[in-house]
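Enquirer: Have a look at this one before I ask anything.
Every number here is computed from the coordinates shown, using simple stated rules; none is lab data. Here the structure is a predicted model, which means the values were calculated and not measured. Cβ atoms come from the backbone with ideal geometry, glycine included; neighbour counts cover every protein chain shown.
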Amino acid sequence: MTSHISPAVAAVDWGTSHFRIWLLDAAGAVLAERRSAEGLLSVPPQGFAAILENHLAVLQAPAALPVVICGMAGSRQGWVEAPYASAPVALGEVLAGAVRVASSAREIRIVPGIAQHDPDAPDVMRGEETQLAGIAALASGGHLVCMPGTHSKWVEMRDGAVAGFCTWLTGELYSLLSSQSILRHSVTGAGHVSPDAAPFRQACADALAQGGDIGAQLFRIRAAGLLAGLSAQDSAAMLSGLLIGAEVASATRRFAAADKKPVTLVGSAALSPLYRAALELAGHEVRIADGDAAVRTGLFAAARHLGMIESKATA
């Protein structure tokens, strides 16, 4: 640790493929952090405690420092299952449902995810609920949140509660189509897609105009490469534009966003610009929230809600 200020809590985002830990002071400021690829898929049986304690030791964290965790560590295959809260649900109620890891000498709490039990639209989230808690101050009343990723979440918020949500497999579809379908021959060698690229913007506009119906347009990427010499870079931009445009068209229709109300975008530096471009093409005002900052703020809010920071500060 490089700071002389004592940490109040360790905040951990334990995903499927990643592990991120921050030491936070009593005001929520970052004192130190570590990241690794030790996500759920790479954790050996009974290996969660050892991985966490190793990172805490490297960060020179005090032995009694409490830890709050979100993400897949609370899944059925994780460290300790944190049962889903049921939507619609207030974020405070979700945070209050954090489960304690009884086998640990230090206080460790795992925040539960949220399940939507609607038989016509069953869905689940883990980790995103903590990001939602982290951006709660950005908007009051009702608003729509877009959380792009491998499995993009769209969440309808009402007065601090999750009213409903839905998942789109856009990132996974892009990965599968670009690596395992006929389109792999068209996009091999492509680099990062720019939100300003004309093929991306045109494909987005086409998908939005079609209301998300892009089935017939996907193969045209391959045909254009064969017949018109479309480059791998432009092919990748078209594929990304079609998929993201289709997601935006579908999601805004599902959540009745035809009134063009603002959308809060919580994402990474790589995906946020692409989604922002698509949303603005669809006529939406976009509010940007950094995904890392959101999860840290949400974890800090969870620790305070659970009394973990107060107990540490007064010990």
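Enquirer: Counting other beta carbons within 10 Å of each residue's own, what order do 280, 128 fall into, fewest first? Before the final figure, lay out the partial values.
Expert: Working: 280 14, 128 28.
Final ranking by Cβ density, sparse to dense: 280, 128.
Enquirer: So what are the three principal axis dimensions of region 1-157 from its Cα atoms, in whole Å, longest to shortest?
Expert: Its Cα atoms span 48, 36, 27 Å along the three principal axes.
Enquirer: Can I ask one more? Label points 7 Å out from Cα along the Cβ direction at residue 179 and residue 123: separation in nm?
Expert: 2.5 nm
Enquirer: For a quick protection proxy, order the peptides 50-63, 282-295 by their average other-Cβ count within 10 Å, most packed first.
Expert: So the order, starting with the most tightly packed, is 282-295, 50-63.
Enquirer: Right, another one. Spin-label point model (7 Å from Cα, Cβ direction): what's the residue 188 to residue 137 distance in nm?
Expert: For the pair residue 188/residue 137, the computed spacing is 5.1 nm.
Enquirer: Could you pull the Cα extents of the chain along its three principal axes, largest to smallest, in whole Å?
Expert: Between the extreme Cα coordinates on each principal axis of the chain lie 70, 40, 37 Å.
Enquirer: For region 169-284, what class follows from the C-alpha gyration tensor (a ≥ b ≥ c being the square roots of its eigenvalues): rounded when a/c is under 1.5, otherwise prolate if a/b is larger than b/c, else oblate?
Expert: Prolate is the answer for region 169-284, as a/c is 1.5 or above and a/b outweighs b/c.
Enquirer: Still on this structure, please answer the following. Translational D (Stokes-Einstein, µm²/s) of region 1-92 at 10 °C and 1.306 mPa s when Rh comes from the Kirkwood sum over C-alpha pairs?
Expert: Result for D is 113 µm²/s.
Enquirer: So what's the angle, to the nearest 10 degrees on a 0 to 90 scale, between helix 215-228 and the longest Cα principal axis of the chain?
Expert: 60 degrees
Enquirer: Please identify the chymotrypsin sites (Phe, Trp or Tyr not before Pro) of region 1-71 that satisfy two criteria: DSSP loop assignment and at most 14 other Cβ atoms within 10 Å. Which are they?
Expert: On the way: sites: 14, 19, 22, 48; in loops: none.
Qualifying residues, ordered by number: none.
Enquirer: If you don't mind, another one. Expressed in nm to one decimal, what extension gain is obtained for the pair residue 93 and residue 58 from 0.36 nm per residue of sequence separation less their Cα-Cα distance?
Expert: Gain on stretching residue 93 to residue 58: 9.3 nm.
Enquirer: Given R₀ = 22 Å, FRET efficiency for residue 29-residue 287 by Cβ-Cβ distance, to 0.05?
Expert: On the way: r = 23 Å, r/R0 = 1.05.
That pair, residue 29 with residue 287, gives E of 0.45.
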